[in-house]
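See below for the structure under consideration.
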Amino acid sequence: MEKAKISKNIYIKMNSNSFDSEENSYETNGEEAEYKNKKHEEQEDKKEHAEQEEKPLMNLDLIKSISTTLTMIIEENKNLKNYKEIIHKQKKMIFSSTTVPNISIYDYLIRIQTYSNIEKNTLILSLIYIDRLCELGHLTLTYYNIHRIIFSSILTAIKYNEDCFYDNKYYSEIAGVKLKELNIMENIFVEMCQFKLYVSFEIFEKYSQYLNSFEKDK
């Protein structure tokens, strides 16, 4: 069966308030109750994070395929004659970091999967969104912008595809950016997608088949 060609961008070679002291005195029972509630919430958050870390990670093969694909695209982009000019121009965008993050694309995706437990289809959808933006000419993937673009795309895909999700404050902690920045990143990403987040079954299957065949070819 002939392997699907997606686009020139996806190179289808088929490849606290922590309370420092618990000895504070409280003037009213209301303040004491509020303090206990906050402590309880902190303990529940720690418990939830611990449980997430203990769960076996899902979608590892898919994550590896996506990270390798995005790395291939970036490496190919580095051969562009105007690559340095692109880097300089895109530094003004909120997606670009001043320096290359010291976490790999693969490890970053693992971090996102670990703490948000996203669905397989959401990951595939996020890759489709990134490819759409590249096709529209809105951005060129580089090691300076890929992390923020990945998270913006995944966040958009989560909210479009999944019934239950966390608030942006929690996601900002996973992404490693300030809440205000994440909100702006999300809004700009959706605008760049022209608010067209629907993906047909046929297109989704082409990307899915590509990523599956990528794993088989390894």
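Going by the structure shown, is I184 modelled with pLDDT of 95 or more and either more than 20 Å from L70 (Cβ to Cβ) or of a type outside the set (S, T, Y) (or both)? The answer is yes for I184. There is at least one residue in the range 188-210 that is in the same structural domain as I112 (by TED's automatic domain parsing), surrounded by 15 or more Cβ atoms within 10 Å (Cβ to Cβ) and among the small types (G, A, S). List every residue pair whose Cβ atoms sit under 6 Å apart, with the two residues 6 or more apart in sequence or on different chains, where the first one lies in the range 70-98 and is among the aromatic types (F, W, Y) and the second, anywhere, is modelled with pLDDT of 90 or more. What qualifies is F95/N145; F95/R148; F95/I149.
Among the residues of the range 119-137, are any hydrophobic (A, V, I, L, M, F, W, C) and part of a loop (DSSP other than H, G, I, E, B)? No, every residue in the range 119-137 fails to be hydrophobic (A, V, I, L, M, F, W, C) and part of a loop (DSSP other than H, G, I, E, B). Count of the range 119-168 residues, restricted to those that are among the acidic types (D, E) and either buried (at least 20 other Cβ atoms within 10 Å of the Cβ) or at positive phi (or both), is 1. Could you run through the range 145-189 and say how many residues are closer than 17 Å to S96 by Cβ and β-branched (V, I, T)? Summing the residues that are closer than 17 Å to S96 by Cβ and β-branched (V, I, T) in the range 145-189 gives 6.
Selection within the range 163-181: residues that are aromatic (F, W, Y) and modelled with pLDDT of 95 or more. The member of this set that is nearest to the chain's Cα centre (by Cα) is Y171. Any idea how many residues of the range 91-114 are over 30 Å from S200 (Cβ atoms) and more than 11 Å from the chain's Cα centre (by Cα)? Adding up the residues that qualify gives 13.
The values are calculated or read from the model by the stated rules, or taken from the named source; none is laboratory data. This is a predicted model, so every value here is computed, not measured. Methodologically, a virtual Cβ is constructed for each residue, glycine included, from the backbone with ideal geometry; neighbour enumeration extends over all protein chains shown.
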